[in-house]
Each structure stands twice: as C-alpha cells, then as structure tokens.
Amino acid sequence: MTSGRFTRFFAGLLTIAAWGCGGAEAPCTECPAVEGRYRIQFNGGAGVPPECSLLSVALPAGEVLEISRTGDQLTGRLAGVPLSGNIGSYSAFTLMGSTNNAGAPGGARTDTLNLNGSYLAPAAEGGTASISGVFTGTYVRASDTGGQRCTVSSPFSATRD
C-alpha cells in the first residue's frame with residue numbers, strides 16, 4: 001500500500017525540477033532595477049585564444065553595455081550586438097544576441113554574445129549598482145574552405161555609469 005506522502009514528495013520534486021529547468025530562476029514580479037549603462041571589464045581570464053586572432057576578435061573591454069528593462073524582459077546592446085534576455089526574482093540575468101559584422105577585418109563575421117550574471121543593487125542610497133558574471137562570445141566567418149570559428153569565455157564585472 002502506498003501512502004500519500006510519497007506522491008506529494010515526488011510531485012514536489014517535479015515542481016522543483018520544472019522550475020529550475022535550464023537554470024533559470026522564477027520570473028520576477030517586482031524586478032530588480034538593472035537598467036542602465038555599464039562599462040564592461042574582464043577579470044582574470046587569459047584573453048582570447050590564438051584562433052581568435054585570425055578573426056580579429058578582441059574582448060569588448062571598456063565597451064558600454066546598455067540595458068533597458070520592461071518587467072522581467074531585458075534588451076541591450078554591447079559592441080554593436082543587440083541583446084535580449086530576462087532577469088529573475090533573485091537578480092540573475094541572461095542577455096544574448098547575434099549580429100552579422102560585415103565590417104570585420106577579413107570579411108563578414110557572425111558575432112554571438114551571451115552574458116549570464118547577477119545584478120547587485122547599491123548598498124546605500126547614492127551608491128553604485130553593479131553586475132558581474134560570465135561573458136561568452138562565439139565568432140564565425142563562413143567560407144568555401146570551411147571557415148573559421150572561435151569562442152571566448154571570461155568573467156566580467158561592471159558598475160553602472
């Protein structure tokens with residue numbers, strides 16, 4: 001004979017698994033005020049891999065990340081790449097986007113950027129908000145001879161301007 005406690009236990013596990021699917025947190029109803037302009041800095045990291053130099057890729061250090069927010073939905077722009085994503089109740093956010101960089105040295109290149117991080121509200125009134133996380137950039141130049149590809153991943157941080 002089975003008891004109801006096992007059914008409730010497994011139903012609870014399924015609820016937790018569904019909520020945590022993909023690592024996303026619950027959508028926010030009173031969302032953190034992440035919107036603003038942030039100047040991106042890269043922490044540590046070994047720079048770009050050698051194969052990225054063939055594509056003229058550099059980390060967008062010092063570039064401004066502009067973020068706008070409507071509810072939990074985010075839009076932004078970094079290094080000319082339009083981004084979209086969301087922010088959750090506990091300040092975790094994701095921004096991603098892709099663009100064809102036709103003006104890249106050596107020919108057209110597709111740049112795909114992904115930022116996963118967290119927002120930290122100012123500690124006191126008049127303080128400065130900040131974000132930090134991991135930046136991943138994938139850069140691809142297609143060609144008749146197989147093309148070129150590189151991926152860069154680095155921790156980042158930024159304070160709101």
Taking N as the number of residues in region 24-159, what is its alpha-carbon radius of gyration divided by 2.2 N^0.38 Å? 1.12
Show me the ranking of peptides 85-95, 62-72 by mean Cβ neighbours inside 10 Å, starting with the highest. 85-95, 62-72
Amide N proximity, region 79-94 versus A124 label position 7 Å along Cα-to-Cβ, cut-off under 19 Å: none
Karplus 3J(HN,Hα) series, Hz, for region 109-114 with 6.51 cos²θ - 1.76 cosθ + 1.60 (x for Gly, Pro): 9, 9, 10, 10, 10, 9
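Computed from the coordinates by the stated procedures, all read-outs in this text should not be read as laboratory data. What you are looking at is a predicted structure, and each value in this text was computed from that prediction instead of being measured. Please note: Cβ atoms are built from the backbone with ideal geometry, for glycine as well, and neighbour counts cover all protein chains shown.
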